[in-house]
Amino acid sequence: MHKINNDDLGKIGAITLIGLVALTMFIFWLKGHKIHNYDSFSFYFRNVNGLEEGAALRWNGLKIGVVESTEAVEESFDQDPFPAQALIDLGKRHLAKAEDLLKSGRIEDLVVAREEINKAQLEITLGKASNLQTEITAGEFVQVNVVVTTPNVPIGPLNQVTIVPSGLIGEQYVDITTIQIDESYKRRFDCSIPRFVVLEPVRLDSLIRANVESAEAITHLSNRLNALFGEEDAENVKGLIKNLENLTKNFKIWKLF
């Protein structure tokens, strides 16, 4: 029988240590972590819709990380207000551009005007959602902590975040989409820090319907604008612009930067 000496024990210990290190790295790899410095962010939802630890974090559809943990908010606090007013201002500028396009009376300008109105609808809706993220209340919000495990992801200065179902089995993932900004935003806010507007996964449709025209009315108007345009069509577009402008006039910002 071979007698184990000190050299053999040292080899066994080294092999065991290497195995433990390899196993640890493999576990980290399975969870989506990579050995490098990564960014982490926290988002707050009233309803996480079944989101679980280890779920994917995606940016513009690309997987860039994982959900590290979800936990109930136990203490209320005031969060730095998101640039809600900036989003409202973006919407107003798109509405003003749509109005200028309508004055030309050309069909191609009416098509572009519709696109500008769509942008305004989104920005006004995001502005209102942003304003709801100023006060985080214990017992109402869930904190979702994510880590970015992919290096050099160009997450923009302003982004929208929501929880999205994946496939037919109902798994959820966190989706980040960059919002286009203009020079006015860059001048007013620090663009070196990514900011996020959280959209509730269940309430997104009702939020949009509450802040703009009903979905049926918008669909009807879009169909008419896709057809040959006449004066009546232009008047419908102007009416929608007026309704959106009324929404922005009644919008109240709780806090500003």
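Scanning region 156-185 for residues that are in a loop (DSSP other than H, G, I, E, B), in contact (Cβ under 8 Å) with a residue 40 or more places away in the chain and closer than 24 Å to ARG46 by Cα yields GLY170, ILE179. Among the residues of this structure, PHE196 counts as one that is closer than 24 Å to GLN85 by Cα, in contact with a strand residue (DSSP E or B) (Cβ under 7 Å, 6 or more places away or on another chain) and of a type outside the set (Asp, Glu). Taking region 133-150 as the range and being among the aliphatic types (A, V, I, L, M) and over 14 Å from the mean Cα position of the chain (by Cα) as the test, the residues that pass are ILE136, ALA138, VAL142, VAL147, VAL148. So, of the residues in region 39-85 that are charged (D, E, K, R) and closer than 22 Å to GLU123 by Cα, which turns out to be nearest to the chain's Cα centre (by Cα)? That would be ARG58. For the residues VAL146, VAL142, the requirement of being within 16 Å of TYR44 (Cβ to Cβ) and either surrounded by fewer than 18 Cβ atoms within 10 Å (Cβ to Cβ) or modelled with pLDDT under 85 (or both) singles out VAL142.
Within region 173-190, the set of residues being under 20 Å from VAL147 (Cα atoms) and not hydroxyl-bearing (Ser, Thr, Tyr) comprises VAL174, ASP175, ILE176. So is THR125 buried (at least 18 other Cβ atoms within 10 Å of the Cβ), in contact with a helix residue (DSSP H, G or I) (Cβ under 8 Å, 6 or more places away or on another chain) and assigned to a strand (DSSP E or B) or not? No, not satisfied.
Checking LEU221, LEU207, LEU225, LEU240 one by one, the residue that is modelled with pLDDT of 65 or more, aliphatic (A, V, I, L, M), closer than 24 Å to LYS92 by Cβ and part of a helix (DSSP H, G or I) is LEU240 and no other.
The values are calculated or read from the model by the stated rules, or taken from the named source; none is laboratory data. Note that this is a predicted model, so its numbers are computed, not measured. Ideal geometry is used to build each Cβ from the backbone, glycine not excepted, and the neighbour counts take in all protein chains shown.
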